[in-house]
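Nothing in this text is a laboratory measurement; each read-out follows from the coordinates by a stated rule. Bear in mind the structure is a predicted one, so any value in this text is a computation, not a measurement. Every residue, glycine among them, receives a Cβ derived from its backbone with ideal geometry; neighbour counts consider all protein chains shown.
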Amino acid sequence: MEDPIVVAEGLHKRYGDTRALRGLDLEVAKGSVCGVLGPNGAGKSTAVRILATLADPTEGRASVAGFDVVRQAGEVRRRIGLAGQSAAVDEYLTGRENLRMFGRFHHLGRRRARQRADELLERFGLADAADKPASGYSGGMRRRLDLIASLVVDPEVLFLDEPTTGLDPRSRGEIWQAVRDLVAQGTTVLLTTQYLDEADQLADDIAVIDHGRVIARDTPDRLKAQIGTRLDVVLADPADAVRAAGLLTVRAGRGEPDLSGERLSLPVGEITLPEAVRELDAAGIAAVDVSLRRPTLDEVFLKLTDRPKETV
Ligand SMILES: Nc1ncnc2c1ncn2[C@@H]1O[C@H](COP(=O)(O)OP(=O)(O)OP(=O)(O)O)[C@@H](O)[C@H]1O
Ligand SMILES: [Mg+2]
């Protein structure tokens, strides 16, 4: 990779008997958005905490902006922002006071801290609520305040650990827009998420991690292309599902079909829509709907992490 700004090599992290990371390798290109996807417990937060200097690796090394996260933690901290899974907002302070406090905490002078707070509140649409205590903010506003608090020092690299978990679609959209604005200005973003559409929307590259290792690393499009095309069929009679699945699997299947009532979905190789319809017709199976589509990232993720949907 040209010009990686985040580099992790063979990171291991043990907590007693728990092996949170088991040889995690990751590079993030400068100016890009890297989405780190993985099921609960995969090691996403652990990786972010190590890169953000909040935890030391048991083994391996990592650098951010050319500085070692263990030996040069201070240099790293000056160049990064972190918005975590648990918001760092003080409920009793107003939005403006929260941001000023962060500025002072990061050694900005009093005047600079004030200016910076005003600037950020304006830019990220919190100016109207700036002088209300954060306890009165909605979940989305709080998360936005947490996010902009991580921008007080204008970071080169921003780490976002599940920035939109639990937010409604509108608030998620607002956070996404804020991230896009930052990226447009050259900030590199590493975000963890369990929402595949979030990674699809924001990330240039996706690292899928499971059991403390990166198991896939590619663009969203190429990850989807890896599992090919999906053929979706809605049958007139659910009793035909197994027979239809068998028929289409033999004809063009590239993996296990999903069956649910009258619905059948199957990863396929070379088959056109008319061919699929003809196959079904010839076998006397009536279909209400037949379609070919790209897989969703959900399907890619489930295939890669090899878990049943309920546990993801
Ligand atoms: N401070 C800690 N002490 C002990 N075990 C920990 C600690 N932090 C993480 N772990 C364990 O390490 C593993 C990875 O946890 P981590 O929080 O990195 O996962 P995650 O991918 O962020 O999960 P989630 O999606 O739930 O946030 C889990 O088994 C977790 O229980
Ligand atoms: Mg986590």
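What is the list of residues in segment 1-23 whose amide nitrogen lies under 20 Å from a point 7 angstrom out from the Cα of Q72, following Cα to Cβ?
1-11
Please list 3J(HN,Hα) in residue order for segment 159-165, calculated via the Karplus relation 6.51 cos²θ - 1.76 cosθ + 1.60 where θ = phi - 60°; whole Hz, with x for glycine and proline.
Each residue of segment 159-165 in turn: 9, 10, 9, 6, x, 10, 4 Hz.
When the distances between all Cα atoms of segment 233-286 are binned every 5 Å from zero, what whole-number percent does each bin get?
4, 22, 36, 27, 10, 0
Determine the gain in length on full extension of the stretch I215-R114; use 0.36 nm per residue of separation and subtract their C-alpha separation, reporting nm with one decimal.
Result: 31.9 nm gained on full extension.
Kirkwood Rh, Cα Rg: Rg to Rh for the chain?
1.08
Fewest first, what order do M101, M1 take by the number of other Cβ atoms within 10 Å?
M1, M101
Quick check: residue separation of D232 and R79 times 0.36 nm, minus the Cα distance between them. What number comes out in nm?
On the way: separation 153, 0.36 × 153 = 55.08 nm, distance 4.74 nm.
Extra length available between D232 and R79 comes to 50.3 nm.
Which value in nm describes the separation of the simple spin-label points at L273 and R61, placed 7 Å from the Cα toward the beta carbon?
For the pair L273/R61, the computed spacing is 5.5 nm.
Using a basic spin-label model with each label point 7 Å from the Cα along Cα→Cβ, how many nm lie between R294 and E2?
2.4 nm
Give me the Å³ per residue figure for the convex hull around the C-alpha atoms of segment 217-312.
Dividing the Cα hull volume of segment 217-312 by its residues yields 92 Å³.
Distances over 22 Å make up what percent of all Cα-Cα pairs in segment 1-107? Each step should come with its number before you reach the end.
Working: 2191 of 5671 pairs.
It works out to 39 percent of all Cα pairs.
What lysines sit close enough to K30 to cross-link, taking a C-alpha to C-alpha distance under 27 Å and skipping anything fewer than 8 places away on the same chain?
K13, K44, K224
Going by amide H atoms built from the backbone, whose H comes under 5 Å of the H on L158, apart from near neighbours?
G81, T188, V189, L190
Over the chain, what relative contact order in percent results from Cα pairs under 8 Å that are six or more residues apart? Show your work: numbers first, answer last.
Details: 603 pairs, mean separation 60.1, N = 312.
The value is 19 percent.
I need the per residue convex hull volume for segment 84-150, using only the alpha carbons, in cubic angstrom as a whole number.
Hull volume normalised by residue count: 73 Å³.
In whole angstrom, note down how far apart the Cα centers of segment 19-88 and segment 259-296 are.
Centre-to-centre (Cα) distance: 44 Å.
Can you give me the orientation-averaged projected area of the convex hull built on the Cα atoms of segment 139-261, in nm²?
10.6 nm²
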